[in-house]
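*Asks:* Just dropping this structure here.
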Amino acid sequence: MKPAKQFAQVSRRFYRPEQYHCTDCQKRLRRAVTLSERTVITLKEVIKLVHAGYRCPDPQCTGYRRTYRSAKADALALPWFTYGLDIVLLVGRLRLREHQTVDEVHQELLKRLEPLGVKIARREILYLFEAYCTLLRASSEAKDDQEWLSQVEKNGGIIVSVDGIQPEKGNETVYLVRDALTGRVLCAENVTSSETAVMKALLAPVVALEVKVLGTISDAQESELLALQELWPEVPHQVCQFHVLRDASKPAFEADKAVKTAMRKRLQPKVREVRKQIKKHLATASPQEAKQLAVLDEYATGIVTALNTDGLQPFKYATVQTSQMLDEIEASLQQLLKKGGL
Ligand SMILES: [Zn+2]
């Protein structure tokens, strides 16, 4: 794999386990190790990530030696791969389903990655296709992987994580089932239906492993939830927290956006008018007046910046931030007035 280079745009991200508490003693997990620090190239972005492993803080706990990973971080790319899982899946689909040649796949990927400032070598396509095939063989290999099985024994079991990935819009989804503790892919299947029966069939190889399941993680999709619940009714389940929070905060977020837009629509023309006047006055202003006008113009810039603040899901609301900024500007202007500076 090529080392990380300078890309047009890089997102920096920190990943921690989806679990917050030890599955054995319920104590809060603590950051213990950096599992990886790497660059992952997906179809959408280049990510520089730090993936931290957490552990139970209690040396007396039976789960003390277990390291918890982030299922989300593991879902981005296979271990040792710079190119993301979505690219692996796309290569597999283009080769097997669209019957494209390696050269055609190469051209397509060059085109898709160009906006990110990323180039990909033709040879890489071969590696990625091989990775795709390995992925689909994963289930038959897990039960014979002695090294992995001894790790599972040390961990006291596995945490089953189900992740549906759509390489492209449409009804085809690749489901990846992994052990969230070791990050190993347990099975992967290309499916066009997400009925509970299909989900259960997908998970059959995991059941066949006959290892202890400590917990399950999935998105909030109903068929996934039902399948996991039917297969492991006694096992604690966790919905991927980011998705839950994002979905839960959506109505509030939309409302916030509407208010913010209304604020901007009302205030922006006024600010624009004021700035126009400042500019006009500047032409005939004395040095002293020019100085004051420059200060006023800075305030106007501050207001424009406040009005253009965007929120970030799930919990960063634009209106809250904009209002705070505007309040600060107002307070500052009031003080100027008191001091008689204007
Ligand atoms: Zn513990």
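*Asks:* Is there any pair with a first residue in the stretch 316-334 that is assigned to a helix (DSSP H, G or I) and a second that is basic (Lys, Arg) whose Cβ atoms are under 6 Å apart and which are 6 or more apart or on different chains, and what are they?
*Replies:* Short answer, once both residue conditions are applied: 318/260; 319/260.
*Asks:* Take the stretch 23-70 and flag every residue that is part of a strand (DSSP E or B) and either more than 21 Å from the chain's Cα centre (by Cα) or within 16 Å of the ligand (Cβ to nearest atom) (or both). I'd like the intermediate steps shown before the answer.
*Replies:* If we filter the stretch 23-70 for residues that are part of a strand (DSSP E or B), which is where we start, we get 28, 30-41, 46-55, 67-68.
Result: 28, 30, 31, 32, 53, 54, 55, 67, 68.
*Asks:* Okay, next question. With respect to residue 48, determine if the residue is farther than 20 Å from residue 212 by Cβ, open to solvent by 10 Å² or more (accessible area, probe 1.4 Å) and either in contact with a Phe, Trp or Tyr (Cβ under 7 Å, 6 or more places away or on another chain) or without any contact (Cβ under 8 Å) to a residue 12 or more places away in the chain (or both). Full working, then the answer.
*Replies:* Details: farther than 20 Å from residue 212 by Cβ: yes; open to solvent by 10 Å² or more (accessible area, probe 1.4 Å): yes; either in contact with a Phe, Trp or Tyr (Cβ under 7 Å, 6 or more places away or on another chain) or without any contact (Cβ under 8 Å) to a residue 12 or more places away in the chain (or both): no.
The answer is no for residue 48.
*Asks:* Also: Would you mention how many residues in the stretch 195-223 are within 17 Å of residue 239 (Cα to Cα) and in contact with a Gly (Cβ under 8 Å, 6 or more places away or on another chain)?
*Replies:* Total satisfying the criteria: 4.
*Asks:* Can you name every residue in the stretch 225-260 that is open to solvent by less than 50 Å² (accessible area, probe 1.4 Å), β-branched (Val, Ile, Thr) and modelled with pLDDT under 85?
*Replies:* Selection gives 239 alone.
*Asks:* Looking at the structure I just gave you, is residue 20 within 8 Å of the ligand (Cβ to nearest atom) and surrounded by fewer than 20 Cβ atoms within 10 Å (Cβ to Cβ)? First the steps, then the outcome.
*Replies:* Working: within 8 Å of the ligand (Cβ to nearest atom): no; surrounded by fewer than 20 Cβ atoms within 10 Å (Cβ to Cβ): yes.
No, not satisfied.
*Asks:* Can you give me the number of residues within the stretch 182-206 that are closer than 30 Å to residue 33 by Cα and open to solvent by 40 Å² or more (accessible area, probe 1.4 Å)?
*Replies:* Residues that pass the stated criteria total 1.
*Asks:* Still on this model: Filter the stretch 160-178 down to residues that are in a strand (DSSP E or B) and charged (D, E, K, R) and give me whichever is modelled with the highest pLDDT. It would help to see each step written out before you state the result.
*Replies:* Within the stretch 160-178, the subset in a strand (DSSP E or B) is 160-165, 173-178.
Okay, now just the ones that are also charged (D, E, K, R), so 163, 178.
On the way: 163: 83, 178: 89.
Only one residue fits best here, namely 178.
The values are calculated or read from the model by the stated rules, or taken from the named source; none is laboratory data. What you see is a predicted model; the values in this text were computed from it and never measured. Backbone-built Cβ (ideal geometry, glycine too); neighbour counts: all protein chains shown. The accessibility values were calculated without ligands, DNA or RNA, using every heavy atom of the protein model including side chains. Shrake-Rupley method; radii C 1.70, N 1.55, O 1.52, S 1.80 Å.
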